[in-house]
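Asks: Take a look at this one; I'll ask things after.
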Amino acid sequence: MRQRNLSRVLHALAGGGPLSRAAVAAEIGLTRAAVSTLVDELLRGGLLVERGPGRSGAVGRPGTQLLLTDRGPCGIGAEIGVDHLAVCVMDLRGDVRVRTARATRNQDSAPARVLGTLDDMLGAAAGEAAALGLRPAGLTVAVPGLVARDAATVLRAPNLGWHHTDLAAALPGGLGPVTVENEANLGALAELWSAHHTPPGAGPDTFVHVSAEIGIGAALVFEGELLRGAHGFAGELGHLPVRPEGRPCTCGGRGCLETYAGVEAVLRAAGLEPGPGVRLGALTERCEAGEARALRAVRQAGAALGIALSGAVNLFDPGQVVIGGALARLAPWLLPPVRRELARRTAVAADGRATPVPVTASPLGPDGPLLGAARFAVRAALDAPGALLGS
């Protein structure tokens, strides 16, 4: 019970700090005396710091403000993309303190080669973190594929060409517990936990989040909780067929969404051959200039995405659809056809009036999975204060 209550204090400050002891007590439903005892322990353990009195607006002397430390434990997030690797270090306050990325072609590369490069990046990031007074308390790795329930094994990542790969065993020790998670899930969690998202109870915390890169994944969040499905594979939107007899896909099927709306497919349709020097920036510039072929490619991708999403919306009834990943940069041209297809194909209210689901682009864009990975590691650390305190 004590460990649970320590965790509740930490999460209250992570979500709304800085706060006074009285505000923390009101937030988590414990007495002020109980919270003071917990806070004193966390202060002695170096997980909290105090600063001057805040402005409470209430009668009486304002309480000393508490906030999480920006030194000590930190979470490390890593992302394995088809064409890049990235690492970031996040402190307990949720601030990114170290970040590095490297363009590298990982498709059909041996896992050992990719993980060797990632190992070097993690070591360098941990060294930079140590110079800032931070020590790793956990590592979460975002991957574009299906992850087993052991949160360590990539069962299938078609765009990498990996099958039954135990990533956790191949990653370096000394960084705390290692978790492997699907990148679309982490993008959705980053959206849920981000400062710009409407807080639970004040707006939709039931939404579909699309993470669109070379592949396309989705995650379903219901009342603030990630829906994983019976085997943990919920959200494979990219392999939902939009044209059943269409183009062959890396998964073995035909006409899958990602063959029409994945980044490489959209680039090729726009007349841009994908490669290290050709990214969405060039496509964005062509769309801004009004180039017909580029606009047509993006609009066709949006229509395909809308067709696929209509099934998810009709089945799941979300309060919102959020487009993240690289395609979020194309929102001005991508979202209108998505919205049109959803309006045409989704259900109506009981009174017969159309109720189109709101569709927005995430401000996090391509950063969502990496930031979600780092915050996942931070939140896991806050769940286990005993390990942070050495008790």
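Asks: So GLY52 fits all but one of (1) under 16 Å from ASP383 (Cβ atoms); (2) open to solvent by 20 Å² or more (accessible area, probe 1.4 Å); what number is the exception?
Replies: (1)
Asks: Could you please tell me which pairs satisfy a Cβ distance under 9 Å, a separation of 6+ or placement on different chains, a first residue in the stretch 7-23 that is of a type in the set (D, E, K, R), and a second residue that is in a helix (DSSP H, G or I)?
Replies: ARG8/VAL24; ARG8/GLU27; ARG8/ILE28; ARG8/LEU38; ARG21/ARG32; ARG21/VAL35; ARG21/SER36; ARG21/VAL39
Asks: Does the stretch 190-203 contain at least one residue that is open to solvent by less than 20 Å² (accessible area, probe 1.4 Å), modelled with pLDDT of 90 or more and within 14 Å of the chain's Cα centre (by Cα)?
Replies: yes
Asks: Could you give me the residue pairs with C-beta distances under 8 Å whose first residue belongs to the stretch 86-98 and is on the phi > 0 side of the Ramachandran plot and open to solvent by 10 Å² or more (accessible area, probe 1.4 Å), whose second residue is of a type in the set (D, E, K, R) and at pLDDT 95 or above wherever it lies, and which are 6+ apart or on separate chains?
Replies: GLY94/ARG375
Asks: Any idea which of (1) assigned to a loop (DSSP other than H, G, I, E, B); (2) modelled with pLDDT under 90; (3) buried (at least 18 other Cβ atoms within 10 Å of the Cβ) is the one LEU327 doesn't satisfy?
Replies: All conditions pass for LEU327, except number (1).
Asks: In the stretch 261-286, what residues are open to solvent by 30 Å² or more (accessible area, probe 1.4 Å) and closer than 16 Å to ALA303 by Cβ?
Replies: ALA269
Asks: Being free of Cβ contacts under 8 Å to residues at least 12 places away in the same chain, under 30 Å from SER211 (Cβ atoms) and small (Gly, Ala, Ser) is the requirement here; does GLY29 meet it?
Replies: no
Asks: Working only within the stretch 1-39, note down all residues that are open to solvent by 60 Å² or more (accessible area, probe 1.4 Å) and assigned to a helix (DSSP H, G or I).
Replies: Scanning the stretch 1-39 gives ARG2, GLN3, ARG4, ARG8, GLY15, ALA26, GLU27, ARG32, ALA33, THR37.
Asks: I'd like to check something: does the stretch 235-242 contain any residue that is open to solvent by less than 70 Å² (accessible area, probe 1.4 Å), assigned to a loop (DSSP other than H, G, I, E, B), under 30 Å from ALA151 (Cβ atoms) and among the small types (Gly, Ala, Ser)?
Replies: yes
Asks: Is one or more of the residues making up the stretch 204-213 assigned to a helix (DSSP H, G or I), of a type outside the set (Ser, Thr, Tyr) and in contact with a helix residue (DSSP H, G or I) (Cβ under 7 Å, 6 or more places away or on another chain)?
Replies: For the stretch 204-213, residues assigned to a helix (DSSP H, G or I), of a type outside the set (Ser, Thr, Tyr) and in contact with a helix residue (DSSP H, G or I) (Cβ under 7 Å, 6 or more places away or on another chain): absent.
Asks: ALA78 is checked against (1) open to solvent by 20 Å² or more (accessible area, probe 1.4 Å); (2) touching a strand residue (DSSP E or B) at 6+ places or on another chain (Cβ under 8 Å); (3) closer than 30 Å to VAL147 by Cα and fails just one. What number does that condition carry?
Replies: (1)
Asks: Identify, from the list ALA380, ALA374, ALA387, the residue that is within 25 Å of VAL89 (Cα to Cα), open to solvent by 40 Å² or more (accessible area, probe 1.4 Å) and under 18 Å from the mean Cα position of the chain (by Cα).
Replies: ALA380
The values are calculated or read from the model by the stated rules, or taken from the named source; none is laboratory data. Given the structure is predicted, the values throughout are model-derived calculations rather than measurements. Every residue, glycine as well, gets a Cβ built from its backbone with ideal geometry; the counts of neighbours run over all protein chains shown. The accessibility values were calculated without ligands, DNA or RNA, using every heavy atom of the protein model including side chains. Shrake-Rupley method; radii C 1.70, N 1.55, O 1.52, S 1.80 Å.
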